[in-house]
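Shown below is the structure under consideration.
The values are calculated or read from the model by the stated rules, or taken from the named source; none is laboratory data. Source: prediction; values computed, not measured. Neighbour counts are summed over all protein chains in view; Cβ atoms, including those assigned to glycine, are modelled from backbone coordinates with ideal geometry.
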């Protein structure tokens, strides 16, 4: 796949231009422009229904869109299965509800995609899967089934599974929202460790304190639009837009 | 589950009020039913060496004895572990059915004489037809379910028409239509292939709905995770979705296979020498219908039990991810 002619050298990991999406009459995304640079850690926040999840789910073609353009590593996303697969190989995804495969061991969860998608043989696939389980610090759980793990451990396995595919970019859709409070930290720490390795990441999260420390850039979305974007200090410390201020007041009161 | 943990429902049959009134009601029923005149009760008295009573014991004595024996049996069984209870009750009921059959005064010499032909031709054909139909029905059901979930209008139309037609026409009619109807348009089908075609089309239609339900029971997140990882659609279905859906699919599918084994007897109407056909024709010549019917029934039952055991094994195999 590396010899794909559609790839432009030195293109940013993600480039989105004029992206619009409707669910029937409801406009979920409204002319979104966004570029994610190499090693950038983008945090997307905003009220529920603002289009945060929809936005990152369009990047790896879990959702379609009607207008605009998405480029991943310069490769223009179309409906062509070959292109969709090439994009998904470059993008790792972590879900709110983990979505581990319950009928396989933790190790097989990580190794099967390597075999079926990356074409690795059984031995090398298991070796690489094990290496990434060590990276998220749960190699001792490799032989267990997902149902035997805590929520925090399951989410770390999900991160290892996505990482093992060695993507250029990671999308994390509310990775800690389904977790008990005492398990949030282990997942956030895993993400910080990833950032230290220089991984490009886009994270939808409601953990404002974490976002402030973690992000290189924050975007605030409302009604399918990017309302405000900037450094965490700028967006959280001195928000220019009234809607951002209202949202932050609410979140901080709850927190 | 252990009985000690069953706080809300203590063993019902061991409560004196329930047990004693139960035995009492049983006694009255036996009394009314003239238990003393039943052949098995005579046999029982014989076994107990109550020879003097064999001819015509007092009805009350017979009823009391039988009620007491059943009561004792229940009392002993309720004291055992659930597993043992199940097996003993199963075997006792099987023994009762056997007693019923034996009391028909069957000619075992006749059964012995005909058994080999029933097995070597009848059973072999029945198993051949059932096995082929099971495999084909499985494939049809999988294709039907994929078509129904595909969102492709043409596939959906074909699949919906297929399940509607073959679930809507009696299986007997389908066998006739394929065997007698197709030659009208120049396609001559032998009896056995016609039977296999009808059985697999009919059961494939029912199982399409079972497969569709099973696949739909898997959360959307499983599809999304597989797609996001870059799995091809075939891998997503066969590696991720179906292995999980099997847990939901297997119990009703096992049911269908057991039903199909016996519905294969309908193929006898087009003259296939399977178990049912031979049981009917072999018995006819010497007016030994009951012998052949019971023999065939026992054979059908034995193979249904075998299928049940296979089903239980497969269920265990696909259930292992939920063991904690």
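Could you check segment B:106-127 and list, in sequence order, the residues that are in contact with a helix residue (DSSP H, G or I) (Cβ under 9 Å, 6 or more places away or on another chain) and loosely packed, with under 11 Cβ neighbours inside 10 Å?
Across segment B:106-127, the qualifying residue is only B:108.
Is there a residue being within 14 Å of chain A (Cβ to nearest Cβ) and in contact (Cβ under 8 Å) with a residue 40 or more places away in the chain anywhere in segment B:248-268? Working first, answer last.
Looking only at segment B:248-268, we keep the residues that are within 14 Å of chain A (Cβ to nearest Cβ), and these are B:248-250.
Pick out the ones that are also in contact (Cβ under 8 Å) with a residue 40 or more places away in the chain and you get B:250.
Yes: one or more hits.
Hey, does segment A:26-43 have a residue that's in contact (Cβ under 8 Å) with a residue 40 or more places away in the chain and within 14 Å of chain B (Cβ to nearest Cβ)?
The answer is no, given that none of the residues of segment A:26-43 is in contact (Cβ under 8 Å) with a residue 40 or more places away in the chain and within 14 Å of chain B (Cβ to nearest Cβ).
Considering only segment A:200-222, how many residues are surrounded by fewer than 18 Cβ atoms within 10 Å (Cβ to Cβ) and closer than 18 Å to residue A:93 by Cα?
Residues flagged as surrounded by fewer than 18 Cβ atoms within 10 Å (Cβ to Cβ) and closer than 18 Å to residue A:93 by Cα within segment A:200-222 amount to 1.
Here's another thing I want to ask about it. How many residues are surrounded by fewer than 23 Cβ atoms within 10 Å (Cβ to Cβ) and part of a helix (DSSP H, G or I) if we restrict to segment A:167-190?
Final tally of qualifying residues: 9.
Another one. One residue is enough: does segment B:212-226 have a residue meeting the conditions away from chain A (no Cβ under 14 Å), in contact (Cβ under 8 Å) with a residue 12 or more places away in the chain and within 19 Å of the chain's Cα centre (by Cα)?
No, the conditions are met nowhere in segment B:212-226.
Please go through segment A:220-236 and give me each residue that is assigned to a strand (DSSP E or B) and in contact with a helix residue (DSSP H, G or I) (Cβ under 8 Å, 6 or more places away or on another chain), ordered by number. Reasoning before the result, please.
To start, the set of residues in segment A:220-236 that are assigned to a strand (DSSP E or B) comprises A:220-222, A:225-230.
Once the filter is applied, which keeps residues that are assigned to a strand (DSSP E or B) and in contact with a helix residue (DSSP H, G or I) (Cβ under 8 Å, 6 or more places away or on another chain), segment A:220-236 yields A:220, A:221, A:222, A:227, A:228, A:229.
Matching residues to (1) surrounded by 14 or more Cβ atoms within 10 Å (Cβ to Cβ); (2) over 17 Å from the mean Cα position of the chain (by Cα); (3) part of a loop (DSSP other than H, G, I, E, B):
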| residue | (1), (2), (3) |
| --- | --- |
| A:12 | yes, no, yes |
| A:30 | yes, yes, no |
| A:57 | yes, no, no |
| A:78 | yes, yes, yes |
| A:84 | yes, no, no |
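When the residues of segment A:138-149 are narrowed to those that are surrounded by fewer than 15 Cβ atoms within 10 Å (Cβ to Cβ) and in contact (Cβ under 8 Å) with a residue 24 or more places away in the chain, which ends up farthest from the other protein chains (Cβ to nearest Cβ)?
Our first condition is that a residue be surrounded by fewer than 15 Cβ atoms within 10 Å (Cβ to Cβ); within segment A:138-149, this holds for A:140, A:143, A:147.
After this cut, where a residue has to be in contact (Cβ under 8 Å) with a residue 24 or more places away in the chain as well, the list is A:143, A:147.
Working: A:143: 13, A:147: 6 Å.
Among residues in segment A:138-149 that are surrounded by fewer than 15 Cβ atoms within 10 Å (Cβ to Cβ) and in contact (Cβ under 8 Å) with a residue 24 or more places away in the chain, the one farthest from the other protein chains (Cβ to nearest Cβ) is A:143.
Between A:191, A:165, A:170, which is away from chain B (no Cβ under 14 Å) and either at pLDDT 95 or above or under 19 Å from the mean Cα position of the chain (by Cα) (or both)?
Details: A:165 fails: away from chain B (no Cβ under 14 Å); A:170 fails: away from chain B (no Cβ under 14 Å).
Checking each option against the conditions leaves just A:191.
Still on this structure, please answer the following. Could you identify the single residue in A:99, A:109 that is at pLDDT 95 or above, assigned to a loop (DSSP other than H, G, I, E, B), under 30 Å from residue A:130 (Cβ atoms) and out of contact with any strand residue (DSSP E or B) (no Cβ under 8 Å at 6 or more places or on another chain)? Walk me through it before giving the result.
Values: A:109 fails: assigned to a loop (DSSP other than H, G, I, E, B).
The unique qualifying residue is A:99.
Moving on. Considering only segment B:157-177, I want to know if a residue exists there that is surrounded by fewer than 13 Cβ atoms within 10 Å (Cβ to Cβ) and at pLDDT below 90.
No.
Continuing with this model, one more query. For segment A:95-130, which positions are under 18 Å from residue A:170 (Cα atoms) and either at the interface with chain B (Cβ under 9 Å from one of its Cβ atoms) or out of contact with any helix residue (DSSP H, G or I) (no Cβ under 6 Å at 6 or more places or on another chain) (or both)?
Answer for segment A:95-130, where residues must be under 18 Å from residue A:170 (Cα atoms) and either at the interface with chain B (Cβ under 9 Å from one of its Cβ atoms) or out of contact with any helix residue (DSSP H, G or I) (no Cβ under 6 Å at 6 or more places or on another chain) (or both): A:95, A:96, A:97, A:98, A:99, A:100, A:113, A:117, A:118.
Let me ask something additional. In this structure, does residue B:136 turn out to be modelled with pLDDT of 95 or more, loosely packed, with under 14 Cβ neighbours inside 10 Å and in the same structural domain as residue B:242 (by TED's automatic domain parsing)? Give the steps one after another, and end with the answer.
Values: modelled with pLDDT of 95 or more: yes; loosely packed, with under 14 Cβ neighbours inside 10 Å: no; in the same structural domain as residue B:242 (by TED's automatic domain parsing): yes.
No, not satisfied.
When you check residue A:195 against the structure, is it in a helix (DSSP H, G or I) and either free of Cβ contacts under 8 Å to residues at least 12 places away in the same chain or within 23 Å of residue A:14 (Cβ to Cβ) (or both), yes or no? So that I can check it myself, show each step before the final result.
On the way: in a helix (DSSP H, G or I): yes; either free of Cβ contacts under 8 Å to residues at least 12 places away in the same chain or within 23 Å of residue A:14 (Cβ to Cβ) (or both): yes.
Yes.
While we're on this one: Given the criterion within 24 Å of residue A:187 (Cα to Cα), touching a residue at least 40 places away in the same chain (Cβ under 8 Å) and more than 14 Å from every other protein chain (Cβ to nearest Cβ), identify the matching residue among A:68, A:46, A:92. Can you show your working first?
Working: A:68 fails: within 24 Å of residue A:187 (Cα to Cα); A:92 fails: more than 14 Å from every other protein chain (Cβ to nearest Cβ).
Criteria check complete, one pass: A:46.
Hey, another quick one. Looking only at segment B:227-236, which residues are at pLDDT 95 or above and more than 9 Å from chain A (Cβ to nearest Cβ)?
Across segment B:227-236, the qualifying residue is only B:236.
Give the residues of segment B:74-105 that are exposed (fewer than 11 other Cβ atoms within 10 Å of the Cβ) and not in a helix (DSSP H, G or I), sorted by residue number.
Selection gives B:81, B:104, B:105.
Residues checked against (1) in contact (Cβ under 8 Å) with a residue 60 or more places away in the chain; (2) within 14 Å of another protein chain (Cβ to nearest Cβ); (3) within 13 Å of residue A:107 (Cα to Cα):
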position: A:157; (1), (2), (3): no, yes, yes
position: A:174; (1), (2), (3): yes, yes, no
position: A:178; (1), (2), (3): yes, yes, no
position: A:210; (1), (2), (3): no, no, no
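Ok, one more. Residues in segment B:133-151: is at least one within 14 Å of chain A (Cβ to nearest Cβ), part of a helix (DSSP H, G or I) and over 28 Å from the mean Cα position of the chain (by Cα)? Spell out the reasoning first.
First, pick out the residues of segment B:133-151 that are within 14 Å of chain A (Cβ to nearest Cβ): B:151.
If we keep only those that are part of a helix (DSSP H, G or I) as well, we get none.
There is no residue in segment B:133-151 that is within 14 Å of chain A (Cβ to nearest Cβ), part of a helix (DSSP H, G or I) and over 28 Å from the mean Cα position of the chain (by Cα).
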